[in-house]
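Just below is one structure, and these are the notes that go with it.
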Amino acid sequence: MPPPRAWIAIAGPGEAAPWELDAAEEAGAAVAEAGCGLVCGGLGGVMEAACRGARSRGGLTVGLLPGTDRDAANGWVVVALPTGLGEARNALVVRAADVVVAIGGGWGTLSEIALALKAGIPVVGVGTWEVARDGTPVEGVLAAPDPRVAVAEALRLCGR
């Protein structure tokens, strides 16, 4: 298998709505079809659906786990890396990526968006957080209408 042309992090909730799961699976498939590697938090919900989509197209998936048990990874993770860092592993997920695609999300997803933007890593979102300060929208998350467009935009933004 050739090395991935880029690493794309898929961020989203562990307890996800059906639309988030569908979007994540489609995004994961698009990541693999583009010849990219997928990195995520390695657990359930959006992370599992994204990995399932990537693996369905023969893609490489890496899960950076919050705990120390490698077996906690979802069954679609190829490389499971236990960190023992809890939610602080979100920083590792972001730093391992060239670009982040956020799908839906809760507080963990918001933290990954913030960490990415602070590090200068582009973020594309599908139905995710809109960042504002004092009620005024702030540039940062590029909104995409669907997961395939999100992945295409992610590749454009990271120059790959």
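The values are calculated or read from the model by the stated rules, or taken from the named source; none is laboratory data. Note that the coordinates shown come from a computational prediction; the quantities given were computed from them, not determined experimentally. Heads up, the Cβs are rebuilt from the backbone with ideal geometry, glycines too, and the neighbour counts pull from every protein chain shown. Note: accessible area is taken over every heavy atom of the protein model, side chains too, but ligands, DNA and RNA are not part of it. Shrake-Rupley method; radii C 1.70, N 1.55, O 1.52, S 1.80 Å.
Normalised by the number of residues in the chain, the mean separation of alpha-carbon contacts (under 8 Å, six or more apart) gives a relative contact order of 23 percent.
Among 113-126, 132-145, the peptide with the highest mean count of other Cβ atoms within 10 Å heads the list, and the full ranking is 113-126, 132-145. Spin-label model, Ala132/Met1: points 7 Å from Cα along the beta carbon direction are separated by 4.2 nm. Solvent exposure of Trp19, expressed as accessible area, is near 120 Å², computed with a probe of 1.4 Å over the protein chains only.
Around Asp22, what is the net charge, scoring Lys/Arg as +1 and Asp/Glu as -1 over all other residues with Cβ under 13 Å from its Cβ? Spell out each step's value before the answer.
On the way: positive: Arg52, Arg148; negative: Glu20, Glu25, Glu26, Glu48, Asp146.
Net local charge, Asp22 excluded: -3.
Each residue of the stretch 18-35 was assigned a 3J(HN,Hα) from its phi angle through the Karplus expression (A = 6.51, B = -1.76, C = 1.60, θ = phi - 60°), giving x, 5, 5, 5, 4, 5, 5, 5, 5, 5, x, 4, 5, 4, 5, 4, 7, x Hz with x at Gly and Pro. Summarising the amide proton neighbourhood of Thr128: residues at separation of 5 or more, or on other chains, whose placed amide H is nearer than 5 Å comprise Gly104.
Using 0.36 nm per residue, how much length does the chain from Ala88 to Glu15 gain when fully extended, once their Cα-Cα distance is taken away?
That works out to 24.4 nm of additional length.
Per-residue accessible area (protein heavy atoms, 1.4 Å probe) orders Met47, Met1 as Met1, Met47, starting from the largest.
Overall, the accessible surface of the chain at a probe of 1.4 angstrom is composed of carbon and sulfur to the extent of 54 percent.
The distance between label points at Val79 and Ala114 comes to 2.9 nm (points 7 Å beyond Cα on the Cα→Cβ vector). Averaged over its residues, the stretch 17-80 has an accessible area of 38 Å² per residue, based on protein heavy atoms and a 1.4 Å probe.
Taking the stretch 99-119 and a reference point 7 angstrom along Cα→Cβ of Arg160, the backbone N atoms nearer than 19 Å belong to 99-103, 112-113, 115-119.
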